[in-house]
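The values are calculated or read from the model by the stated rules, or taken from the named source; none is laboratory data. Since this is a predicted model, take the numbers as computed values, not measurements. FYI the Cβ positions are ideal-geometry reconstructions off the backbone, even for glycines, and counts take in every protein chain you see.
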Amino acid sequence: MRGCSYHTIDPKGRIIVPVRFRDSIAASGTDSLMISRMDQCLVAYTLPEWQKIENRILSLVEKSEAMRRFRRVFIGGAFECPCDRQGRILIPPSLRQYAVLDKEIVMVGVLDHFEIWSRENWDQENLTMDADMKKEDVRNEIARLGL
(Lines give C-alpha, C1' and ligand atoms only; values in the text may rest on other atoms or scores of the structure.)
Protein backbone atom coordinates (compact mmCIF):
# COMPACT_ATOMS: atom_id res chain seq x y z
CA MET A 1 0.00 0.00 0.00
CA ARG A 2 1.32 3.38 -0.94
CA GLY A 3 0.15 6.83 -1.84
CA CYS A 4 -1.75 9.57 -0.08
CA SER A 5 -5.29 10.80 -0.62
CA TYR A 6 -7.65 13.27 0.99
CA HIS A 7 -11.12 12.20 2.12
CA THR A 8 -13.87 13.01 4.58
CA ILE A 9 -15.30 11.08 7.48
CA ASP A 10 -19.09 11.12 7.67
CA PRO A 11 -21.03 12.08 10.83
CA LYS A 12 -21.44 8.39 11.74
CA GLY A 13 -17.65 7.87 11.65
CA ARG A 14 -17.47 6.00 8.34
CA ILE A 15 -14.74 6.47 5.77
CA ILE A 16 -14.50 5.17 2.23
CA VAL A 17 -11.39 3.04 1.80
CA PRO A 18 -9.63 3.87 -1.49
CA VAL A 19 -9.79 1.11 -4.10
CA ARG A 20 -6.01 0.62 -4.04
CA PHE A 21 -6.22 -0.21 -0.33
CA ARG A 22 -9.37 -2.32 -0.73
CA ASP A 23 -7.52 -4.42 -3.31
CA SER A 24 -4.86 -5.21 -0.69
CA ILE A 25 -7.53 -6.05 1.85
CA ALA A 26 -9.27 -8.40 -0.59
CA ALA A 27 -5.94 -10.01 -1.54
CA SER A 28 -5.45 -10.87 2.14
CA GLY A 29 -8.51 -13.12 1.95
CA THR A 30 -10.73 -11.06 4.25
CA ASP A 31 -12.87 -7.94 4.20
CA SER A 32 -11.75 -6.62 7.59
CA LEU A 33 -8.97 -4.47 8.97
CA MET A 34 -7.43 -4.25 12.41
CA ILE A 35 -7.15 -0.61 13.41
CA SER A 36 -5.19 0.77 16.33
CA ARG A 37 -3.57 4.03 17.36
CA MET A 38 -0.05 5.39 17.16
CA ASP A 39 1.66 8.75 16.64
CA GLN A 40 -1.63 10.69 16.77
CA CYS A 41 -3.07 8.80 13.82
CA LEU A 42 -4.70 5.42 13.24
CA VAL A 43 -2.90 2.46 11.74
CA ALA A 44 -4.85 -0.06 9.66
CA TYR A 45 -3.56 -3.56 8.93
CA THR A 46 -5.00 -6.51 7.06
CA LEU A 47 -5.72 -9.41 9.40
CA PRO A 48 -2.69 -11.47 8.23
CA GLU A 49 -0.34 -8.49 8.79
CA TRP A 50 -1.90 -7.86 12.20
CA GLN A 51 -1.32 -11.50 13.14
CA LYS A 52 2.39 -11.05 12.32
CA ILE A 53 2.53 -8.03 14.63
CA GLU A 54 0.85 -9.93 17.46
CA ASN A 55 3.27 -12.83 17.01
CA ARG A 56 6.27 -10.47 17.12
CA ILE A 57 4.95 -8.80 20.26
CA LEU A 58 4.34 -12.17 21.93
CA SER A 59 7.86 -13.33 21.08
CA LEU A 60 9.57 -10.31 22.59
CA VAL A 61 11.99 -11.22 25.30
CA GLU A 62 11.88 -7.65 26.59
CA LYS A 63 9.13 -7.38 29.18
CA SER A 64 9.86 -3.83 30.31
CA GLU A 65 7.22 -1.60 31.79
CA ALA A 66 7.24 0.50 28.60
CA MET A 67 6.66 -2.56 26.39
CA ARG A 68 3.86 -3.81 28.64
CA ARG A 69 2.26 -0.39 28.43
CA PHE A 70 2.70 -0.30 24.63
CA ARG A 71 1.15 -3.74 24.24
CA ARG A 72 -1.73 -2.80 26.52
CA VAL A 73 -2.57 0.37 24.57
CA PHE A 74 -1.72 -0.78 21.02
CA ILE A 75 -3.22 -4.28 21.14
CA GLY A 76 -5.85 -3.58 23.78
CA GLY A 77 -7.05 -0.50 21.92
CA ALA A 78 -7.36 -2.22 18.55
CA PHE A 79 -10.64 -2.92 16.77
CA GLU A 80 -11.56 -5.21 13.92
CA CYS A 81 -13.35 -3.06 11.35
CA PRO A 82 -15.10 -4.82 8.46
CA CYS A 83 -15.62 -3.11 5.09
CA ASP A 84 -19.25 -2.76 4.09
CA ARG A 85 -20.62 -3.22 0.55
CA GLN A 86 -19.84 0.41 -0.29
CA GLY A 87 -16.18 -0.05 0.68
CA ARG A 88 -16.53 1.89 3.93
CA ILE A 89 -15.26 1.15 7.40
CA LEU A 90 -16.73 2.45 10.63
CA ILE A 91 -14.08 3.96 12.90
CA PRO A 92 -14.98 3.38 16.57
CA PRO A 93 -15.54 6.56 18.62
CA SER A 94 -12.51 6.04 20.89
CA LEU A 95 -10.18 5.85 17.87
CA ARG A 96 -11.82 8.86 16.22
CA GLN A 97 -11.30 10.81 19.42
CA TYR A 98 -7.65 9.76 19.75
CA ALA A 99 -6.77 10.78 16.17
CA VAL A 100 -9.03 13.86 16.26
CA LEU A 101 -10.91 12.69 13.17
CA ASP A 102 -13.58 15.26 12.59
CA LYS A 103 -14.27 15.98 8.92
CA GLU A 104 -11.19 16.13 6.69
CA ILE A 105 -8.91 13.11 6.80
CA VAL A 106 -5.84 11.88 4.94
CA MET A 107 -5.19 8.23 4.16
CA VAL A 108 -1.54 7.33 3.68
CA GLY A 109 -0.21 4.02 2.39
CA VAL A 110 2.88 2.86 4.28
CA LEU A 111 3.70 -0.42 2.49
CA ASP A 112 2.34 -3.11 4.85
CA HIS A 113 -0.45 -0.91 6.27
CA PHE A 114 -2.10 2.44 5.85
CA GLU A 115 -2.59 5.32 8.23
CA ILE A 116 -5.60 7.52 8.81
CA TRP A 117 -4.78 11.10 9.82
CA SER A 118 -6.81 14.17 10.60
CA ARG A 119 -5.93 16.79 7.99
CA GLU A 120 -4.56 19.05 10.71
CA ASN A 121 -2.30 16.36 12.22
CA TRP A 122 -1.11 15.32 8.73
CA ASP A 123 -0.16 18.90 7.87
CA GLN A 124 1.75 19.12 11.17
CA GLU A 125 3.48 15.79 10.47
CA ASN A 126 4.70 17.16 7.14
CA LEU A 127 6.04 20.31 8.81
CA THR A 128 7.84 18.17 11.38
CA MET A 129 9.40 16.02 8.64
CA ASP A 130 10.52 19.14 6.76
CA ALA A 131 12.23 20.35 9.94
CA ASP A 132 13.78 16.91 10.56
CA MET A 133 15.22 16.87 7.01
CA LYS A 134 17.46 19.77 8.03
CA LYS A 135 19.12 17.59 10.70
CA GLU A 136 22.29 15.85 9.57
CA ASP A 137 21.57 12.57 11.38
CA VAL A 138 18.16 12.31 9.69
CA ARG A 139 19.65 13.05 6.26
CA ASN A 140 22.35 10.42 6.88
CA GLU A 141 19.76 7.84 7.89
CA ILE A 142 17.78 8.48 4.71
CA ALA A 143 20.97 8.43 2.62
CA ARG A 144 21.63 4.88 3.87
CA LEU A 145 18.50 3.92 1.95
CA GLY A 146 20.20 5.08 -1.24
CA LEU A 147 17.99 8.16 -1.60
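Looking only at the range 16-35, which residues are buried (at least 20 other Cβ atoms within 10 Å of the Cβ) and within 12 Å of C81 (Cα to Cα)?
If the condition is that a residue be buried (at least 20 other Cβ atoms within 10 Å of the Cβ) and within 12 Å of C81 (Cα to Cα), then V17, I25, L33, M34, I35 are the ones that fit.
Looking at (1) farther than 25 Å from I53 by Cα; (2) assigned to a helix (DSSP H, G or I); (3) basic (K, R), which is the only condition R85 fails?
Result: R85 fails condition (2) only.
Name the pairs whose Cβ atoms lie under 6 Å apart, with the first residue in the range 112-139 and among the β-branched types (V, I, T), the second part of a helix (DSSP H, G or I), and 6 or more positions between them or separate chains?
V138/D132
Checking the structure you have, find out if any residue of the range 57-78 is under 19 Å from E120 (Cα atoms) and either modelled with pLDDT of 95 or more or among the hydrophobic types (A, V, I, L, M, F, W, C) (or both).
no
Does D112 fit the bill of being in a loop (DSSP other than H, G, I, E, B) and touching a helix residue (DSSP H, G or I) at 6+ places or on another chain (Cβ under 6 Å)? Please lay out each step first, then the result.
Values: in a loop (DSSP other than H, G, I, E, B): yes; touching a helix residue (DSSP H, G or I) at 6+ places or on another chain (Cβ under 6 Å): yes.
The answer is yes for D112.
Among the listed residues E49, E65, E54, which satisfies the condition of being in contact with a His (Cβ under 8 Å, 6 or more places away or on another chain) and farther than 26 Å from D10 by Cα? First the steps, then the outcome.
On the way: E65 fails: in contact with a His (Cβ under 8 Å, 6 or more places away or on another chain); E54 fails: in contact with a His (Cβ under 8 Å, 6 or more places away or on another chain).
When all the criteria are applied, what remains is E49.
So, R71, is that one over 24 Å from R14 (Cβ atoms), surrounded by 14 or more Cβ atoms within 10 Å (Cβ to Cβ) and of a type in the set (K, R) or not?
The answer is yes for R71.
Any idea which of (1) touching a strand residue (DSSP E or B) at 6+ places or on another chain (Cβ under 7 Å); (2) part of a loop (DSSP other than H, G, I, E, B) is the one K134 doesn't satisfy?
(1)
Taking the range 35-63 on its own, how many of its residues are of a type outside the set (S, T, N, Q) and closer than 11 Å to F114 by Cα?
6
V108: touching an Asp or Glu at 6+ places or on another chain (Cβ under 7 Å), surrounded by 14 or more Cβ atoms within 10 Å (Cβ to Cβ), closer than 14 Å to Q40 by Cβ and not basic (K, R), yes or no?
It is true that V108 is touching an Asp or Glu at 6+ places or on another chain (Cβ under 7 Å), surrounded by 14 or more Cβ atoms within 10 Å (Cβ to Cβ), closer than 14 Å to Q40 by Cβ and not basic (K, R).
Is at least one residue of the range 42-57 in contact (Cβ under 8 Å) with a residue 60 or more places away in the chain and either part of a loop (DSSP other than H, G, I, E, B) or loosely packed, with under 13 Cβ neighbours inside 10 Å (or both)?
no
Could we say that T8 is free of Cβ contacts under 8 Å to residues at least 40 places away in the same chain, surrounded by fewer than 17 Cβ atoms within 10 Å (Cβ to Cβ) and among the β-branched types (V, I, T) here?
Answer is no for this residue.
Using the structure shown, decide if G87 is surrounded by 13 or more Cβ atoms within 10 Å (Cβ to Cβ), farther than 20 Å from P11 by Cα, more than 12 Å from the chain's Cα centre (by Cα) and not charged (D, E, K, R).
no
Any idea which of I35, I15 is within 21 Å of W122 (Cβ to Cβ), within 13 Å of the chain's Cα centre (by Cα) and not in a loop (DSSP other than H, G, I, E, B)?
I35
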